[in-house]
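My questions all concern the structure below.
The values are calculated or read from the model by the stated rules, or taken from the named source; none is laboratory data. As the structure is a computational prediction, the values presented were derived from the model and not from experiment. Ideal geometry is used to build each Cβ from the backbone, glycine not excepted, and the neighbour counts take in all protein chains shown.
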Amino acid sequence: MASYIIRRILILFPTLLGVSVIIFFMLHITPGDPAELLLGERASEEALHELREHLGLNKPFYIQYGMFIKRLATLDLGETIWTRQSVWIEIKQRFPATIELSVAALMISCTLGMIFGIISATKQYSIFDYLSMLGALAGVSMPIFWLGLVFMLIFAVNLGWLPISGRLSVGVDLEVVTNFYILDAILTQNWEAFRDAVWHLIMPAFTLSTIPTAIVARMTRSAMLEVLRQDYIKTAKAKGLSQFKVIFKHALRNALIPVVTTIGLQFGVLLGGAILTETIFAWPGVGKWMYDAVMQRDYMVIQNGTMFIAGLFVIINLGVDVLYAVINPRISVK
Amino acid sequence: MNPKHPEDRHPMLDQLAQLWRNKTAVAGLFIITAFVLCGIFAPYLSPHDPIEVALYEQLKPPAWDDEGSTENLLGTDDLGRDILSRIIYGARVSLLVAVVSVGLAFCFGTIIGSVSGYYKGRLDDIVMRGIDIILSFPYILLAIVVVAYLGPSLQNAMFAIAITYVPRFARIVRASVLEECEKDYVMAARAIGARNLRIIFLAILPNCMGPLIVQTTLSFASAILDAAALSFLGLGAQPPTPEWGADIARSRALILRASWVMTFPGLAILGAVLGFNLLGDGLRDALDPRLRD
C-alpha cells in the first residue's frame, strides 16, 4: 500500500510539469507578440518594452519557461495585468467562495443521488425507478447555465423566496475571518449573516449539483443492483434479516466503492461547472474570476489561475485514487 | 440472400434488432431525427429569417399568450427576431459543431489510441502520460482557456472541444486494441505477413467499433452542451449567428420582462442533448454489454 501511494505521488510531478508546459506554450503558440496580446494593440512602445523586460519575453524560450517554473515553485503567481493585484491574494479571497459552493453542491448530490439510486435499485422496474432514471438522464443532459436562470426566474423573480444573486445581502455585516462566509458567521455567532449566507447559497448550489446528482444516482443504482445479485445478499435474506438491514448493512457498504470513486471524480465537473454557475449568480469565486479574466483578456490571471486549478485538480484526483486504494486494497496490487 | 440458419445472420442484424426493442434508444433516435431534419431543412421550415431585425415586432410573447399572435409562434426577442426560426436554424449550428468537433476528436483519438495500444512500450507510456495531462484540466476549463487564447469564434470553440475530447477516444481505442491484440486473428494476420498499419486499421479497429460508437454518440451530447456553454460565455458563436447558448446569454438581461426568450432555446438544448444521451444509453446496452450499468 505504501509503495502504491509513493508511486502515485511520484507520478504527480511529471503530470504537473506537463500541465505547466501546456499552459506556458499556449500563450506563445498564439499568433502575434505575447506582450502585445497581454497589453492590447494600442499599448505604447515603452509599455510593451517594459512588460517584455518584466516577463523576460526577450529571452530564449527555455529560460522563459525556467523562470515560469521558478515562479510557480516559489508560489509566486504574479500580478493581474489591469489591477496590479497579487494573483495569489485574489485566489486566497475567492477560492473559499468556490469551495463553499462546491462542497454544498457535492453534499446535495451525495444525499439526493444516493437516496434516488438506492430506492431505484431496490424497486427495480417500478414506476419510481423509471421516473428517477429518466430524471437522471435529463440531469446529465441539462444546460446548467439555463437551469440556473430558470431557478432565478421561478424562485427569485416570481416567488421572491430566494435572493437573486451574490453571496450576502447589502447591509448584512459579517466579520470576515476565513472567507468561508457560513463558517465565519458561525465563528462570530452572527446568526443573521448565517441565515443570509445560507439563503444565498441555495440556488447556486442546487444548480451546480444537477449533473453530479444525476451521475451519482445512476452509479449508485447500478452498483446496488450488482451487489443485490450476489449470493451473500441471498444468504442475508434467507437468514431472515429485515429488508432495511440487508440493504444498508450488507449491500450498501459494498456498493459504496464505485460510488465513492464517482463522487471523487465529480470535483472536475464541479470546478468546471463553477465557472458557469458563478457567472450566472454573480458568485465571487474562482470561476467568475477566471471568466472575467477571459473577458478582459488578463492572460496573467488565465495562465496562473489555470495552473492553480489544474494543479489542485491533479492533487484531488491523487487523493481520490489513494482513498480508493484504501477502501479497495485489490487496486494497489495491480 | 436469405440465410437458412440463424447463425448465418450477420451479428449486426441481431444488434440492430436489439436496439429497436430498446425503447429509450428508439425515443432518442426519433428526437435526433427531428433535430437533424430541422437542421437540414431549416430554410424551408422556419417561418421567418432568423437574423432579420424587425424593430416593430420587439418582444412579442408566444402565440398562446393573450398578446401573442400566430405570426410568431414562440414570440420574438428584443430585436424582433422570430424565436422559432432562430431555434430551427440553431439546430443547424449545434449539430454542425457536434459533428465537426466530435469528428476531429474521433479521428485523432482513434489514431493515437490504436497506434499507442498496438506498438505498446515507450511510445505508449509517453502518449498515455500526455493524455493524462490533458485530462488534468477540469471539464470545460481547457476549452475555455484555448478559446481565450485563440479568440472567441465558433470555429475556435469547435477546435477547443475537439482537443478536450481526444483523450476519451484515445483511451477507449487503446484499451480495445490492447485486448484485441492478444487474439488469434491478429497473430494470423501477422503470420501471413500483413503490414502493421493494415492490421491496425483493417483487422483490429473494425472489432473495436462497439465501444467507439457508444462513445461517439455520448460525445455528440456533451459537445452540444459544451458548445452551448462556450457560446453562452461569449466564447463560441458570435452575433447574429442563431445559436441556442448565445441566445440564452442575450436573454439574461430580459429575464424580468420576457421569460419566453430564455425558455425555448434552453428546452432545445435539453432536447437535443437528451436525444443523443438516450440513443447512447440504448447503444451501450445493445453493442457493448461490458459497459452496461
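Identify all residues within segment A:269-283 that are within 25 Å of residue A:316 (Cα to Cα) and either at the interface with chain B (Cβ under 8 Å from one of its Cβ atoms) or not hydroxyl-bearing (Ser, Thr, Tyr) (or both); write none if there are none. Even if it seems obvious, please write down each step before you answer.
Initial filter on segment A:269-283 (within 25 Å of residue A:316 (Cα to Cα)): A:269-279, A:283.
Correct list: A:269, A:270, A:271, A:272, A:273, A:274, A:275, A:276, A:278, A:279, A:283.
Please report, ordered by residue number, the helices (runs of 4 or more DSSP H) entirely within segment A:74-153 with at least 2 residues that are polar (S, T, N, Q) and farther than 25 Å from residue A:312 by Cβ. Working first, answer last.
Numbers: elements: A:87-122, A:127-140, A:144-151.
Correct list: A:87-122.
Let me spell it out: the conditions are (1) of a type in the set (S, T, N, Q); (2) at the interface with chain A (Cβ under 10 Å from one of its Cβ atoms); (3) over 17 Å from the mean Cα position of the chain (by Cα), and residue B:222 meets all of them except one. Which number is the exception?
All conditions are met except number (3).
Same structure again: Would you point out which residue out of A:301, A:294 is surrounded by fewer than 24 Cβ atoms within 10 Å (Cβ to Cβ), assigned to a helix (DSSP H, G or I) and modelled with pLDDT under 90?
Values: A:301 fails: surrounded by fewer than 24 Cβ atoms within 10 Å (Cβ to Cβ).
One residue alone meets the criteria, A:294.
I've got another one for you. Would you check which residues across segment A:253-276 are surrounded by fewer than 18 Cβ atoms within 10 Å (Cβ to Cβ) and aromatic (Phe, Trp, Tyr) and list them?
none
Only one residue in B:126, B:133 is more than 22 Å from the chain's Cα centre (by Cα), within 14 Å of chain A (Cβ to nearest Cβ) and surrounded by fewer than 18 Cβ atoms within 10 Å (Cβ to Cβ). Which one?
Details: B:133 fails: surrounded by fewer than 18 Cβ atoms within 10 Å (Cβ to Cβ).
Result: B:126 is the single residue among B:126, B:133 that is more than 22 Å from the chain's Cα centre (by Cα), within 14 Å of chain A (Cβ to nearest Cβ) and surrounded by fewer than 18 Cβ atoms within 10 Å (Cβ to Cβ).
Also, quick follow-up: Enumerate the helices (runs of 4 or more DSSP H) found wholly within segment B:1-119, keeping only those where 1 or more residues are surrounded by 13 or more Cβ atoms within 10 Å (Cβ to Cβ) and touching a Phe, Trp or Tyr at 6+ places or on another chain (Cβ under 8 Å).
Result: B:23-40, B:42-45, B:83-119.
Let me ask another. Determine whether segment A:197-212 contains at least one residue that is away from chain B (no Cβ under 14 Å), surrounded by fewer than 21 Cβ atoms within 10 Å (Cβ to Cβ), farther than 30 Å from residue A:122 by Cβ and out of contact with any helix residue (DSSP H, G or I) (no Cβ under 7 Å at 6 or more places or on another chain).
There is at least one residue in segment A:197-212 that is away from chain B (no Cβ under 14 Å), surrounded by fewer than 21 Cβ atoms within 10 Å (Cβ to Cβ), farther than 30 Å from residue A:122 by Cβ and out of contact with any helix residue (DSSP H, G or I) (no Cβ under 7 Å at 6 or more places or on another chain).
Here is a follow-up. Condition first: polar (S, T, N, Q) and farther than 19 Å from residue A:156 by Cα. Now tell me which residues in segment A:196-221 satisfy that. Working first, answer last.
First, the residues of segment A:196-221 that are polar (S, T, N, Q): A:207, A:209-210, A:213, A:220.
A:213, A:220, listed by residue number.
May I ask you to list pairs of residues, at least six apart or on different chains, whose Cβ atoms are under 7 Å apart, with the first in segment A:146-160 being more than 9 Å from chain B (Cβ to nearest Cβ) and the second being among the hydroxyl-bearing types (Ser, Thr, Tyr)?
Sorted first by the residue in segment A:146-160, then by its partner, the pairs are A:148/A:207; A:148/A:277; A:151/A:207.
Same structure again: Is it fair to say residue A:5 is of a type outside the set (Ser, Thr, Tyr) and modelled with pLDDT of 80 or more?
On the way: of a type outside the set (Ser, Thr, Tyr): yes; modelled with pLDDT of 80 or more: yes.
Taking the combined requirement at face value, the residue satisfies it.
Can you tell me which residue is surrounded by the fewest Cβ atoms within 10 Å (Cβ to Cβ) among those in segment A:77-115 that are free of Cβ contacts under 8 Å to residues at least 24 places away in the same chain and over 21 Å from the mean Cα position of the chain (by Cα)?
The extreme case among them is A:84.
From A:286, A:216, grab the single residue that is of a type in the set (A, V, I, L, M, F, W, C), more than 21 Å from residue A:182 (Cβ to Cβ) and either within 12 Å of chain B (Cβ to nearest Cβ) or in contact (Cβ under 8 Å) with a residue 12 or more places away in the chain (or both).
Details: A:286 fails: more than 21 Å from residue A:182 (Cβ to Cβ).
Result of the check over A:286, A:216: A:216.
Can you tell me which of B:94, B:85, B:114 is in contact (Cβ under 8 Å) with a residue 12 or more places away in the chain and touching a Ser or Thr at 6+ places or on another chain (Cβ under 6 Å)?
Working: B:94 fails: touching a Ser or Thr at 6+ places or on another chain (Cβ under 6 Å); B:114 fails: touching a Ser or Thr at 6+ places or on another chain (Cβ under 6 Å).
Only one candidate qualifies: B:85.
Another one. Just to check your reading of the model, which residue among B:210, B:193 is free of Cβ contacts under 8 Å to residues at least 60 places away in the same chain and more than 14 Å from chain A (Cβ to nearest Cβ)? Don't jump to the end; show me each part of the working.
Values: B:210 fails: free of Cβ contacts under 8 Å to residues at least 60 places away in the same chain.
After applying the criteria, what remains is B:193.
Could you check how many residues of segment B:230-273 are crowded, with 24+ Cβ neighbours inside 10 Å and away from every other protein chain (no Cβ under 11 Å)?
5
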